[in-house]
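> Here you go, one structure.
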Amino acid sequence: MAATLEAAEVIAASSEQEAVSAFGDGEGVTVIAGGTIAVPEMTHGRLRPGKALLLANAGLAGVRSEGGRTTIGAMTPVAELEGQPTPLGDAARHVADVEIRRQATLGGNLCAPPGAESPRGDLQSALIALGAEVRSTGQGGERTEPVEDFLASGASGRLVLDVSFAEPEAGAHESVRRPHAHAYTVMSVCAARTGGEVRVGVSGAGPRAARLRAVEQAFADGGDVEAAAARATEDVTPQNDALASAWYRGKTLPVLVRRALTQLSH
Ligand SMILES: Cc1cc2nc3c(=O)[nH]c(=O)nc-3n(C[C@H](O)[C@H](O)[C@H](O)COP(=O)(O)OP(=O)(O)OC[C@H]3O[C@@H](n4cnc5c(N)ncnc54)[C@H](O)[C@@H]3O)c2cc1C
């Protein structure tokens with residue numbers, strides 16, 4: 001991405017080890033991945049890093065499948081995920097446009113700070129549905145945790161290294177968006193069945209994606225799609241922003257959940 005990088009100190013890591021050691025406990029470090037969020041923030045003077053850690057050459061990109069498990073490096077471009085099975089491939093194909101998808105990364109999507117005007121983090125709900133685990137480093141060293149725990153803790157102060165998940169038996173993706181290039185997704189629901197268990201996540205309803213546990217429970221109890229969809233707003237408080245009102249999101253979310261679960265049942 002062509003832009004002037006103004007920071008007191010700039011570190012361009014050339015390996016995972018170098019990135020981990022430069023990140024340390026994360027204090028005062030701003031990570032720059034694809035830069036589609038971070039660089040415009042710097043250009044407009046809203047972000048002034050003391051220490052900028054560039055990951056472009058840190059060797060954190062790539063998709064690996066082994067023993068039924070897929071591992072995706074944090075620096076893997078969103079465009080490279082478009083071929084992944086539903087729901088991750090679908091979620092990736094719906095991010096912005098081709099230029100952004102080639103530059104934007106999985107790690108940046110996972111750690112995207114909530115947007116003031118529109119939601120971010122379309123891949124987050126897909127990763128929740130897939131039961132993905134996030135490997136990160138920071139204070140206390142390396143740890144691996146469920147993606148919903150990572151997101152609930154604020155997705156900050158950690159350097160994401162990769163995510164991994166078991167290949168799903170089935171998946172579904174439903175979203176509302178504006179048919180316009182460069183547009184953000186208003187809201188998306190992802191569901192997946194892995195090892196017989198159904199998990200459901202939503203991106204764009206709140207500041208970060210959330211796991212819809214009440215929906216999952218209701219669906220597991222009786223397999224009744226309508227009853228499960230009726231519980232869609234129990235785990236999330238729909239938000240207002242420039243793209244849609246909280247009211248609209250509250251009305252639309254059960255519809256997306258119903259469609260996703262119906263897809264999964266076929
Ligand atoms: C026009 C436009 C349209 C967009 N449309 C969408 C959309 O439809 N859906 C959507 O989800 N997003 C959208 N975005 C937002 C953004 O492009 C994506 O969320 C993207 O995946 C961010 O990735 P990045 O690598 O560019 O992140 P960066 O800008 O490099 O970083 C984003 C944030 O994550 C942190 N970060 C990045 N990588 C790591 C890591 N490995 N470990 C820890 N922290 C990290 C950075 O410090 C920063 O705070 C859009 C952006 C633009 C400009």
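> How many residues are among the aliphatic types (A, V, I, L, M) and either open to solvent by 10 Å² or more (accessible area, probe 1.4 Å) or part of a strand (DSSP E or B) (or both) when one looks only at segment 131-147? Show your work before the answer.
Within segment 131-147, the first condition is being among the aliphatic types (A, V, I, L, M), and the residues that meet it are 132, 134, 147.
Right, trim to either open to solvent by 10 Å² or more (accessible area, probe 1.4 Å) or part of a strand (DSSP E or B) (or both) and you get 134.
Residues meeting the conditions: 1.
> Moving to a separate point now. Pick out the one residue from Ser164, Ser156 that is of a type in the set (Gly, Ala, Ser) and either closer than 17 Å to Val31 by Cβ or open to solvent by 30 Å² or more (accessible area, probe 1.4 Å) (or both). Break it down into steps so the answer makes sense when it comes.
Numbers: Ser164 fails: either closer than 17 Å to Val31 by Cβ or open to solvent by 30 Å² or more (accessible area, probe 1.4 Å) (or both).
Testing whether each residue is of a type in the set (Gly, Ala, Ser) and either closer than 17 Å to Val31 by Cβ or open to solvent by 30 Å² or more (accessible area, probe 1.4 Å) (or both) leaves just Ser156.
> So, Ser156, is that one near the ligand (Cβ under 10 Å from one of its atoms), touching a helix residue (DSSP H, G or I) at 6+ places or on another chain (Cβ under 9 Å) and outside any helix (DSSP H, G or I) or not? Before the answer, list the steps.
Details: near the ligand (Cβ under 10 Å from one of its atoms): yes; touching a helix residue (DSSP H, G or I) at 6+ places or on another chain (Cβ under 9 Å): no; outside any helix (DSSP H, G or I): yes.
When the stated conditions are applied, Ser156 does not pass them.
> If I ask for residues that are among the basic types (Lys, Arg) and either near the ligand (Cβ under 7 Å from one of its atoms) or without any contact (Cβ under 8 Å) to a residue 12 or more places away in the chain (or both), which ones from segment 86-114 would you list? So that I can check it myself, show each step before the final result.
Here is the first cut: in segment 86-114, the residues among the basic types (Lys, Arg) are 93, 101-102.
Across segment 86-114, the qualifying residue is only Arg93.
> Take the conditions out of contact with any helix residue (DSSP H, G or I) (no Cβ under 8 Å at 6 or more places or on another chain), of a type in the set (Gly, Ala, Ser) and either within 13 Å of the ligand (Cβ to nearest atom) or more than 16 Å from Gly206 (Cβ to Cβ) (or both) and apply them to Gly171. Does it pass?
Working: out of contact with any helix residue (DSSP H, G or I) (no Cβ under 8 Å at 6 or more places or on another chain): no; of a type in the set (Gly, Ala, Ser): yes; either within 13 Å of the ligand (Cβ to nearest atom) or more than 16 Å from Gly206 (Cβ to Cβ) (or both): yes.
Judged against the criteria, Gly171 is not a match.
> Here's something else I'd like to know. Just checking: which of the helices (runs of 4 or more DSSP H) contained wholly in segment 201-266 hold 2 or more residues that are over 26 Å from Arg178 (Cα atoms) and either among the hydrophobic types (A, V, I, L, M, F, W, C) or in contact with a Leu (Cβ under 7 Å, 6 or more places away or on another chain) (or both)? Working first, answer last.
Numbers: elements: 213-222, 225-229, 246-265.
Filter on segment 201-266 gives 213-222, 225-229.
> Determine if segment 229-246 includes at least one residue that is closer than 17 Å to Leu127 by Cβ and in contact with a Gly (Cβ under 6 Å, 6 or more places away or on another chain). Let's see the steps before the verdict.
Within segment 229-246, the first condition is being closer than 17 Å to Leu127 by Cβ, and the residues that meet it are 235-236.
Pick out the ones that are also in contact with a Gly (Cβ under 6 Å, 6 or more places away or on another chain) and you get 236.
Yes, segment 229-246 contains at least one residue that is closer than 17 Å to Leu127 by Cβ and in contact with a Gly (Cβ under 6 Å, 6 or more places away or on another chain).
> Quickly run through segment 10-36 and pick out the residues that are surrounded by 22 or more Cβ atoms within 10 Å (Cβ to Cβ) and closer than 17 Å to Gly157 by Cα.
Correct list: Ala19, Phe23, Val31, Ile32, Ala33.
> Something else: Which count do you get for residues in segment 22-37 that are part of a helix (DSSP H, G or I) and either closer than 15 Å to Leu106 by Cβ or more than 9 Å from the ligand (Cβ to nearest atom) (or both)? Quick ask: steps written out before the conclusion?
Let us first name the residues in segment 22-37 that are part of a helix (DSSP H, G or I), namely 22-23.
Imposing the further condition that a residue be either closer than 15 Å to Leu106 by Cβ or more than 9 Å from the ligand (Cβ to nearest atom) (or both) reduces the set to 22.
The number of residues fulfilling the criteria is 1.
> While we're on this one: Mind checking whether some residue in segment 118-131 is more than 13 Å from the ligand (Cβ to nearest atom), more than 20 Å from Ala58 (Cβ to Cβ) and charged (D, E, K, R)?
Residues of segment 118-131 that are more than 13 Å from the ligand (Cβ to nearest atom), as a first pass: 128-131.
This time we only want the ones that are more than 20 Å from Ala58 (Cβ to Cβ), so: 128-131.
With the extra rule that they be charged (D, E, K, R), the set shrinks to none.
Taking every residue of segment 118-131 in turn, none turns out to be more than 13 Å from the ligand (Cβ to nearest atom), more than 20 Å from Ala58 (Cβ to Cβ) and charged (D, E, K, R).
> Are there any strands (runs of 3 or more DSSP E) wholly within segment 38-127 with 3 or more residues that are open to solvent by less than 40 Å² (accessible area, probe 1.4 Å) and modelled with pLDDT of 95 or more, and if so which?
69-73
> Follow-up. Restricting the search to segment 45-100, which residues are more than 17 Å from the chain's Cα centre (by Cα) and on the phi > 0 side of the Ramachandran plot? Break it down into steps so the answer makes sense when it comes.
Kept after step one, since they are more than 17 Å from the chain's Cα centre (by Cα), are these residues of segment 45-100: 45-59, 64-69, 98-99.
The answer is Gly45, Gly59, Gly67, Gly68.
The values are calculated or read from the model by the stated rules, or taken from the named source; none is laboratory data. Predicted model, so just to flag it, every value in this text is computed and none were measured. In this analysis, Cβ positions are derived from the backbone assuming ideal geometry, glycine residues included, and neighbour counts consider all displayed protein chains. The area values use the complete protein model at the heavy-atom level, side chains included, leaving out ligands, DNA and RNA. Shrake-Rupley method; radii C 1.70, N 1.55, O 1.52, S 1.80 Å.
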